[in-house]
1. How many angstrom separate the Cα center of region 343-374 from the Cα center of region 15-32?
2. Using a 7 Å offset from the Cα along the Cα-to-Cβ direction at both residue 254 and residue 120, what is the distance between the two label points in nm, to one decimal?
3. Which angle from 0 to 90°, rounded to the nearest 10, does the C-alpha axis of helix 104-121 make with the longest principal axis of the chain?
4. R0 = 25 Å: FRET efficiency of residue 377 with residue 177, Cβ-based, nearest 0.05?
5. Considering only DSSP beta bridges whose two residues both sit in the chain, what percent are antiparallel, to the nearest 5?
6. Using a 7 Å offset from the Cα along the Cα-to-Cβ direction at both residue 233 and residue 275, what is the distance between the two label points in nm, to one decimal?
7. Add -39500 (n - 2.57) for each DSSP H run of 4 or more in the chain, then divide by its residues: what number comes out at 222 nm, to the nearest 500 deg cm²/dmol?
8. With axes computed from alpha carbons, what is the tilt in degrees of helix 159-171 against the longest principal axis of the chain, rounded to the nearest 10 within 0 to 90?
Ligand SMILES: NC(=O)c1ccc[n+]([C@@H]2O[C@H](COP(=O)([O-])OP(=O)(O)OC[C@H]3O[C@@H](n4cnc5c(N)ncnc54)[C@H](OP(=O)(O)O)[C@@H]3O)[C@@H](O)[C@H]2O)c1
């Protein structure tokens with residue numbers, strides 16, 4: 001330790017994938033010089049102290065009070081997840097300890113309450129690791145865009161979903177096989193529904209909307225559509241039109257209201273987001289003055305997430321050493337803002353119909369769309385397995401529409417006797 005340097009005590013709640021990697025980074029030399037404070041890890045909370053782990057056993061405890069009640073701990077790092085984390089984080093803040101967390105569920109659900117507690121206690125709540133693992137998207141929105149107005153964010157924030165869609169496209173797998181492969185490689189949980197059904201991405205979008213648009217997003221308010229309706233054939237048609245299907249989060253600040261949505265969408269194959277493959281994450285932000293800015297990298301995993309967590313610890317420790325704890329968090333401002341009705345989301349749409357191939361079907365489809373003022377930009381029709389359609393047999397009609405509100409497009413897809421399956425509808429996002 002450098003002589004005369006302030007000591008900042010650190011306590012960890014959790015020492016699993018992220019916690020163990022954070023401890024490894026905290027043990028690296030040179031942090032004190034970079035921070036202006038000497039970091040000292042004093043306690044690590046775990047469930048099972050007998051488990052083998054690369055951590056000084058003397059630091060381990062199963063009693064949360066050993067962390068929260070230690071007056072020499074200034075920064076609590078919450079990397080345990082689960083229901084028990086919330087009350088511990090709230091208590092740590094009330095005890096005037098700054099908190100660093102990687103817990104997206106907690107920040108999405110209780111961010112408002114926790115930020116208010118942090119403000120009242122003049123301490124920090126830092127959560128870079130909660131969105132996009134190792135990519136510095138929270139910092140970018142909070143600091144780099146502080147002098148600008150963010151008008152749009154569009155990104156890929158769930159590595160599992162991105163991996164699954166990438167493998168469907170590149171490996172020709174169906175969704176179930178792609179999910180199994182993701183599980184075997186450790187990208188997907190045993191129960192992949194939080195990822196595949198879009199809720200994990202929605203939690204992260206809610207957090208980003210708070211930072212980008214100053215919007216307080218009630219938990220569960222982001223309209224979500226998961227991947228389950230995407231079939232291998234949709235990838236082939238998207239490619240034919242010059243697009244790729246990606247699991248997107250989209251946020252726009254319209255001034256009067258904020259539009260938020262999570263869904264698979266077609267993106268132009270030359271766009272940067274179309275080329276974010278596998279388990280990687282990326283967020284494209286657009287500032288009124290700056291224009292586009294891309295943040296791209298490893299969106300999960302122990303070490304990448306620990307980079308975000310430990311960088312937050314260093315930031316918070318620097319503020320404590322400078323006698324300015326809470327300054328960063330105090331700058332996060334948000335308020336209730338109107339959320340745009342998802343039916344008003346205006347986009348071009350990809351539509352796929354499985355129809356009986358008989359005279360007049362195309363005219364009736366065009367009529368249904370026309371009645372809702374949805375116009376067709378491009379259209380292809382094929383028979384079974386890509387062969388020319390046989391009269392009376394099933395045919396696939398795929399089209400891209402011009403921009404129209406989602407509600408009108410949905411109304412135009414009303415069931416009709418010539419439709420053999422419910423139509424599929426995916427937005428096209430021009431990024
Ligand atoms: N893994 C990632 O790639 C990633 C990426 C971004 C964000 N995150 C977030 O980071 C957090 C941690 O994730 P992780 O993957 O590191 O989890 P993990 O590997 O399951 O580790 C959880 C740690 O917390 C401890 N723990 C859990 N519940 C506890 C309790 N009630 N009392 C005491 N200790 C408890 C566990 O103790 P034992 O070791 O004794 O079981 C373990 O050390 C989560 O909020 C997650 O959403 C993870």
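1. Comparing the Cα centres of region 343-374 and region 15-32, I get a distance of 55 Å.
2. It works out to 3.6 nm between the two label points.
3. The angle comes out at about 40 degrees.
4. On the way: r = 33 Å, r/R0 = 1.31.
That gives a FRET efficiency of 0.15.
5. 65
6. Taking the two extended label points, one gets 3.2 nm.
7. Working: 14 runs with 141 residues, N = 431.
Roughly -9500 deg cm²/dmol at 222 nm, from the helical runs in the chain.
8. 40
Read-outs throughout are calculated quantities, based only on the coordinates presented, and are distinct from any laboratory measurement. Remember, it's a predicted structure, so these values are computed and weren't measured experimentally. Don't worry about glycine lacking a Cβ; one is built from the backbone with ideal geometry, like all the others, and counts go over all protein chains shown.
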